[in-house]
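Q: This is the structure I want to talk about, given as structure tokens.
The values are calculated or read from the model by the stated rules, or taken from the named source; none is laboratory data. Keep in mind that this is a model prediction, so the values were computed, not measured. For neighbour counting, all protein chains shown are included, and Cβ atoms are generated from backbone atoms with ideal geometry for every residue, glycine included. Each accessible area value is taken on the protein alone, full model and side chains, heavy atoms only, with ligands, DNA and RNA left out. Shrake-Rupley method; radii C 1.70, N 1.55, O 1.52, S 1.80 Å.
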Amino acid sequence: MNVLAIDTSNQPLGVAVIKNSLVVAEYTKNIKKNHSVQLMPVINQLMSEAGLQPSELDRIAVANGPGSFTGIRIGLTTAKTLAWSLNIPIVAMSSLELLAYNGFYSNSLICPFFDARRGQVYTGLYQKEQRELRSENEEVNILMEDWLESLKEYHQPIMFLSHDLDAHRETIVNTLGEQAILPDLPVHLPQTGVLAKIAMTKEPVDVHSLTPNYLRLAEAEAKWIQKQQES
């Protein structure tokens, strides 16, 4: 199976290519730049280096959020366009779940999160179960302080994964103390190769009904709805 995987849902940009069921190319960049400018050149480069033509792809995989509204739209639009034009299946995966796989071999609970500004985060809680990750609860958009207070109830170690970790490190340590595991190793960026491998066995979704997983409305949309309710 040949798979192209895309993740532009947050600041890191990731693209991976599977050829004959093996990850042969993977690209990750964690620099604040416009994904819309970078994405297609990276896809073209990796496909060329892998010796694959678009017509040889069997599946497209995409991380569909939560995260940056603009980033999610860029990745999802590109992935859906490719899947539709090539007439091949598309697989979507939560961006939080994808990041959580970086802690797959830990015996602790795994808490991936992305900063959502104003003290809020997009987050969830996962635990290894045989060869998969099991979600312990629904993904949420929540104040980090409230989230950490709720995690105290688990009374077991929790590994935090995020490229935004430093912005919340002090709050995590002050709230959870030794319960918190904050890895120093480079495990805080999602691995698009993992997305590509999981996509080989994950159930495809309908390309036309696939939508972004924002977890919350854009600020402009929220304000518009509030005005309509008040009028």
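Q: Residue farthest toward the positive end of the dipole of the chain, with Cβ of Lys/Arg at +1 and Asp/Glu at -1: which of 140, 99, 46?
A: Result: 46, furthest along the dipole toward the positive end.
Q: Also: What percentage of all Cα-Cα pairs in the chain are separated by more than 26 Å? Walk me through the intermediate numbers first.
A: Details: 10130 of 26565 pairs.
Summing the P(r) of the chain above 26 Å gives 38 percent of all pairs.
Q: Sorted by average packing, counted as other Cβ atoms within 10 angstrom per residue and highest first, what order do 120-128, 36-44, 196-204 take? Before the final figure, lay out the partial values.
A: On the way: 120-128: 22.7, 36-44: 14.6, 196-204: 17.2.
By packing density, highest mean first, the sequence is 120-128, 196-204, 36-44.
Q: Let me ask something else about it. Relative contact order of the stretch 8-73: what whole-number percent is it, with Cα pairs under 8 angstrom and at least 6 residues apart?
A: Dividing the mean separation by the residue count of the stretch 8-73 yields 42 percent.
Q: Given a cut-off of 18 Å, what percent of all Cα-Cα pairs of the stretch 1-120 lie beyond it?
A: On the way: 3738 of 7140 pairs.
Result for the distance tail: 52 percent.
Q: Could you give the size of the charge dipole of the chain about its Cα centre, using +1 on the Cβ of each K and R and -1 on the Cβ of each D and E, expressed in debye and rounded to the nearest 20? Show your work: numbers first, answer last.
A: Numbers: 19 positive and 26 negative charges, 133 e Å.
About 640 debye.
Q: What helices in the chain pass both tests, a Cα length along the helix axis of 18 Å or more and a mean Kyte hydropathy of 0.5 or higher, using whole DSSP H runs? Before the final figure, lay out the partial values.
A: Details: long enough: 35-50 (22 Å, 0.36); 69-86 (25 Å, 0.73).
Answer set is 69-86.
Q: If I take every Cα pair under 8 Å that is 6 or more residues apart in the chain, average their sequence separation and divide by the length, what percent do I get for the relative contact order?
A: Working: 455 pairs, mean separation 54.0, N = 231.
After rounding, I find 23 percent.
Q: Still on this structure, please answer the following. Let me check against my output: what whole-number percent is the relative contact order of the stretch 11-130, with C-alpha pairs under 8 Å and at least 6 apart? The partial results should precede the final answer.
A: Values: 160 pairs, mean separation 21.0, N = 120.
Relative contact order for the stretch 11-130 comes out at 17 percent.
Q: Residues of the chain: accessible area per residue at 1.4 Å, in Å²?
A: Working: 12040 Å² over 231 residues.
Value for the chain: 52 Å² per residue.
Q: Moving on. Round to a whole angstrom and tell me the spacing of the C-alpha centers of the stretch 61-85 and the stretch 1-16.
A: Spelled out, the Cα-based centre of one part sits 9 Å from the other.
Q: A further question follows. Name the most mobile residue of 150, 209, 95, meaning the one with the largest mean-square fluctuation, in a Gaussian network model of the chain with Cα contacts below 10 Å.
A: 209
Q: Classify the stretch 85-167 as rounded, prolate or oblate, taking a ≥ b ≥ c as the square roots of the eigenvalues of its Cα gyration tensor: rounded when a/c is under 1.5, otherwise prolate if a/b is larger than b/c and oblate if not. Mind dumping the intermediate values first?
A: Working: a/c = 2.20, a/b = 1.34, b/c = 1.64.
It is oblate, given that a/c is not under 1.5 and a/b is not larger than b/c.
Q: State the percentage of accessible surface on the stretch 74-231 attributable to carbon and sulfur atoms; use a 1.4 Å probe and exclude ligands, DNA and RNA.
A: In the stretch 74-231, the share of accessible area belonging to carbon and sulfur is 49 percent.
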